[in-house]
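The values are calculated or read from the model by the stated rules, or taken from the named source; none is laboratory data. The shown structure was predicted, so the numbers you read here are calculated from the model rather than taken from an experiment. Neighbour counts are summed over all protein chains in view; Cβ atoms, including those assigned to glycine, are modelled from backbone coordinates with ideal geometry.
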Amino acid sequence: MKGRRITDERVVSELQRIGSHAFVILFAGALVSVFVKVFILSWDLRYWLDSFLIVMAACVYYTFRAVRGGLYLPSDSMSELKEFKKVNMLASGTAAVLYTALMIGSDVVESGGGENLLMTLLENLTGGTVFFLVMTWVQLLFVKRSIKNASKDLD
């Protein structure tokens, strides 16, 4: 009996919760680090690309595993699905506005203001709109695919 540990569900669940919180802290720190390196310190790509790729790999892994497992979905009720779509649109819109503002700020600082400001604004607004549409479409595609994968597990 020596070496056997208690595997109570509450203990396992609490350890998983702590691990999840630790990952969120680590992930947020990596995101802040990349943000500071890119937008505040204006470092060259070679100095922050590795951190960015690590953050993206974690995002892609988590998302695809959740979708593949049929876990990336709201409940079955239509009202919650509608609410999920509304939150998705709001999150995509917020991300697009943030993306557009960062790109405009970066381009204006890089160009020194002046001559092609209108063109820079139009390009970045177009980029923000495309970003919003793609993000919204991808999120809804993930939900549709996750619902399909969740149904497979039940069959």
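With respect to (1) under 19 Å from the mean Cα position of the chain (by Cα); (2) modelled with pLDDT of 85 or more; (3) among the aromatic types (Phe, Trp, Tyr); (4) farther than 29 Å from Lys152 by Cα, the lone exception for Tyr62 is condition (4).
The residue list Tyr72, Tyr99 contains one member that is among the hydroxyl-bearing types (Ser, Thr, Tyr), under 18 Å from the mean Cα position of the chain (by Cα) and within 22 Å of Val36 (Cβ to Cβ), which is Tyr99. In segment 104-155, which residue that is among the small types (Gly, Ala, Ser) and at pLDDT 85 or above is surrounded by the most Cβ atoms within 10 Å (Cβ to Cβ)? Of everything passing the filter in segment 104-155, Gly128 is surrounded by the most Cβ atoms within 10 Å (Cβ to Cβ). For Ser13, the test of being in a helix (DSSP H, G or I) and modelled with pLDDT under 85 is failed. Within segment 66-77, residues that are modelled with pLDDT of 80 or more sit with their Cβ atoms under 6 Å from residues that are in a loop (DSSP other than H, G, I, E, B), at 6+ positions apart or across chains, in these pairs: Ala66/Tyr72. Under the condition of being surrounded by 11 or more Cβ atoms within 10 Å (Cβ to Cβ) and either of a type in the set (Ser, Thr, Tyr) or not in a helix (DSSP H, G or I) (or both), the residues counted in segment 76-95 number 2. Specify the residue that is surrounded by the fewest Cβ atoms within 10 Å (Cβ to Cβ); the eligible residues are those in segment 47-70 that are among the hydroxyl-bearing types (Ser, Thr, Tyr) and farther than 21 Å from Asn149 by Cβ. This residue is Tyr47.
Residue check: Leu73 meets all listed conditions (1) exposed (fewer than 15 other Cβ atoms within 10 Å of the Cβ); (2) outside any helix (DSSP H, G or I) but one, namely (1). Of the residues making up segment 123-142, those that are polar (S, T, N, Q) and in contact with a helix residue (DSSP H, G or I) (Cβ under 8 Å, 6 or more places away or on another chain) are Asn124, Thr129, Thr136, Gln139. With respect to (1) charged (D, E, K, R); (2) exposed (fewer than 13 other Cβ atoms within 10 Å of the Cβ); (3) not assigned by TED's automatic domain parsing to the domain that holds Ala30, the lone exception for Asp44 is condition (3).
Of Tyr61, Tyr99, all but one fail to be in a helix (DSSP H, G or I) and not assigned by TED's automatic domain parsing to the domain that holds Val36; the exception is Tyr99.
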